[in-house]
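Scroll down for the structure; my scribbles are underneath it.
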Amino acid sequence: MRVKQSSLVLLNLLSRSVICGMDRWHEEGEELRKLALESGVYPNGPLVMTIGKVKNEPELREYGLFLPLSSPVEVPAERALGFRSRLYFKKTAAIRHYEADEPFAASYRELENVAYRRGIILERPFYHVCLEVNGERFFDIHAPIKGSAA
């Protein structure tokens, strides 16, 4: 079975929310990485994102981007950035999505079907951990487990 129980714990997250085309989220993430380096800290984990729909704009998505850092940073008020001390989900249902250019819909359905069969309730949004190895990009999608249906 591709879906497994896991957890998601990341510390010192620089964050931002952007609305852009589905092909631009990675560029926005790289911009976040540059901002971290300019602040004197370095990223020490993968880019994580949430994805939301934009009303009346089918070609756009709202991305919540999170980048784990080596240490906390102070975010200037004039920047459209945020800082979160931790992202912590003790229990998630997780699936690896190997095809970076393929829509996430099939992986979402698989997560939801397994949750239904196991009697667990998933919480939205799902968190997409972007992994890059040898020039290949893939994702671990974490769906926080809210509780059981029983």
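Every number in this text was worked out from the coordinates using simple rules, so none of it is lab data. Worth saying up front: this structure is predicted, and the values here are computed from it rather than measured. For neighbour counting, all protein chains shown are included, and Cβ atoms are generated from backbone atoms with ideal geometry for every residue, glycine included.
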Original post:
Taking the Cα-to-Cβ direction at R24 and at Y116 and moving 7 Å from each Cα, how far apart do the two end points lie in nm?
Top reply: 3.6
Original post:
HN-Hα J couplings of the stretch 103-114 from phi, Karplus 6.51/-1.76/1.60, θ = phi - 60°, integer Hz, Gly and Pro as x?
Top reply: x, 7, 3, 5, 5, 4, 4, 5, 4, 5, 5, 5
Original post:
Just going by the charge dipole of the stretch 1-128, with Lys and Arg at +1 and Asp and Glu at -1 on Cβ, which of G29, Y88, L13 is farthest out on the positive end?
Top reply: Y88
Original post:
Relative to the Cα centre, what is the charge dipole magnitude of the stretch 107-150, using +1 at the beta carbon of each Lys and Arg, -1 at the beta carbon of each Asp and Glu, and rounding to the nearest 20 debye?
Top reply: 260
Subject >> Neighbour cut-off at most 15 other Cβ (10 Å), DSSP loop, chymotrypsin sites (Phe, Trp or Tyr not before Pro), the stretch 44-150 >> reply: Y98
Original post:
Which of these, V133, V48, V114, has the largest mean-square fluctuation under a Gaussian network model of the chain (Cα springs below 10 Å)?
Top reply: V133
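Between K146 and Y88, 0.36 nm times their residue separation minus their Cα-Cα distance comes to what?
Working: separation 58, 0.36 × 58 = 20.88 nm, distance 1.29 nm.
Net length gain for the segment: 19.6 nm.
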Original post:
Which whole-Hz ³J(HN,Hα) couplings does the stretch 16-30 yield from phi under the Karplus relation 6.51 cos²θ - 1.76 cosθ + 1.60, θ = phi - 60°, glycine and proline marked x?
Top reply: 7, 10, 9, 10, 7, x, 5, 8, 10, 4, 5, 4, 5, x, 5
Subject >> Label-point separation in nm, R124 to E57, each point 7 Å along Cα→Cβ >> reply: 1.8
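How big is the charge dipole of the chain about its Cα centre, in debye rounded to the nearest 20, if each Lys and Arg gets +1 on its Cβ and each Asp and Glu gets -1 on its Cβ?
Working: 21 positive and 20 negative charges, 186 e Å.
With Lys and Arg at +1 and Asp and Glu at -1, about 900 debye.
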